[in-house]
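Undergrad: Take this structure, written in structure tokens, and hold onto it; I'll ask about it next.
Coordinate-derived values only; no laboratory data. Here the structure is a predicted model, which means the values were calculated and not measured. Here the Cβ positions follow ideal geometry from the backbone for every residue, glycine too, while neighbour counts run over all protein chains shown.
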Amino acid sequence: MKQIIETLDIEFSDNNLLSSLFGANDINIQTLEKINNVKIHYRGNKVKIQGSKQSIKITKNELLNLFEEVKKGIEIDEDKIKDTKSLLSLEKNSNFKKDLFIQTKKRKIIPRSKNQKKYFELLNEKNIVFAIGPAGTGKTFIAVAKAISSLLDGKIKKIILSRPAVEAGEKLGFLPGDLKEKVDPFLRPIYDALYDMLPFDQVEKKINNNIIEIAPIAFMRGRTLEDCFIILDEAQNTTKIQMKMFLTRLGRNSQMVVVGDTTQIDLVSKNDSGLVDASKKLIKIDDIGFITLEEDDVVRHDVVKKIIHAYEGK
């Protein structure tokens, strides 16, 4: 059955703001066309949208919402467009809370899928949260954002970011350099997330002042972590012993987020994964939340979703 193409017209009140709305070389128009499967034409302050009835209605609402943001002096880019699309979609659900977002120094982060929404809710409700899913689903990014937000709000005094220092057969002892130089390559994704939340100089200052601590999981042994937000990334590569040791470090006024992808276990035996083991043993504990993110939750480049789809043989 051939899809019926319809047309919808919008007229904006201020022609001077449209260059900011449409973006350099109409990049924002191109983004909207791609994600909504529509065609957008404009002349002056008049915009014509062509597509299916549902898609042109969605695009109109997004354009009007983004225009209001432009009026406030907010820059419109691909992330802002996708956030707006997600927000409008989630608001259709009567149970959606408009305050369900994470505010950092640089940006406001909102869930872009139903599973991410559940992830946000668990971060507000549980002492320990396990986020499991493939690359690109926002597992680490959202956890780091919540940690930064909690620090800025004064809810905690310190952020601890950790990963097992064994990946793809490499061990710290065989890598060149001092401890920081050995550990940094393993923690690069966490640094990238931090720099997306805070200005570079503030991240470096907080690391130097030990307000943000980045260390291998082995450095957690023997400690009680109080007034902290603790994130364990790449948790699928912890052993069962390491996972138990890590989880039992939780102290007063602290929160833990354990992040991993059970399809990317680099241990010699996949049965040794502490993440897989914990997922089975701890699932019934009320104070611990579990969220499984899926292919549909991928928020990186569109091709990442296709790669995951291909590898899973779907």
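Undergrad: Do the alpha carbons of any pairs in 155/240; 240/270; 244/281 sit beyond 21 Å of each other, and which pairs?
TA: On the way: 155/240 30 Å; 240/270 11 Å; 244/281 11 Å.
Listed pairs above 21 Å: 155/240.
Undergrad: If you stretched the chain out fully between residue 43 and residue 296, how much longer would it get, using 0.36 nm times the residue separation minus the C-alpha to C-alpha distance?
TA: Numbers: separation 253, 0.36 × 253 = 91.08 nm, distance 3.56 nm.
Length gained, residue 43 through residue 296: 87.5 nm.
Undergrad: Would any residue of region 108-152 have its amide N under 18 Å from a label point 7 Å out along Cα→Cβ of residue 209? List them or say none.
TA: Only 147-152 fall inside the zone, counting backbone N under 18 Å.
Undergrad: OK, next. As an exercise, use a Förster radius of 41 Å and the Cβ-Cβ distance of residue 125 and residue 8 to find the FRET efficiency, rounded to the nearest 0.05.
TA: Between residue 125 and residue 8 the formula returns 0.50.
Undergrad: For the pair residue 57/residue 18, report the inter-label distance in nm, with labels modelled 7 Å from Cα in the Cβ direction.
TA: Going from the residue 57 label point to the residue 18 one covers 2.6 nm.
Undergrad: Greater than 31 Å separation of Cα atoms is the criterion. Which listed pairs, 34/284; 72/117; 53/146; 46/82; 60/118, meet it?
TA: Values: 34/284 42 Å; 72/117 26 Å; 53/146 38 Å; 46/82 23 Å; 60/118 27 Å.
In this structure, 34/284; 53/146 exceed 31 Å between Cα atoms.
Undergrad: I need the semi-axes of the equivalent ellipsoid of region 6-91: take the C-alpha gyration tensor, multiply each eigenvalue by 5, square-root it, list largest first in whole angstrom. Don't jump to the answer; show the numbers that get you there.
TA: Working: eigenvalues 60, 50, 27 Å².
Whole-Å semi-axes of the equivalent ellipsoid: 17, 16, 12.
Undergrad: Provide the convex hull volume over Cα atoms per residue for region 245-285, in Å³.
TA: Working: hull volume 3.6 nm³, N = 41.
Measuring per residue, one finds 87 Å³ for the Cα hull of region 245-285.
Undergrad: If each of residue 26 and residue 287 carries a label point 7 Å out from its Cα toward its Cβ, how far apart are those two points in nm?
TA: About 5.8 nm, to one decimal.
Undergrad: Which GluC sites (Glu not before Pro) in region 201-266 sit in a loop by DSSP (not H, G, I, E or B) and have at most 16 other Cβ atoms within 10 Å of their own Cβ?
TA: Details: sites: 204, 213, 226, 234; in loops: 226, 234.
Qualifying residues, ordered by number: 226.
Undergrad: Further, regarding this structure: Take the Cβ-Cβ distance between residue 79 and residue 241 as r, set R0 to 35 Å, and report the resulting FRET efficiency rounded to the nearest 0.05.
TA: On the way: r = 40 Å, r/R0 = 1.13.
For R0 = 35 Å, the calculated efficiency reads 0.30.
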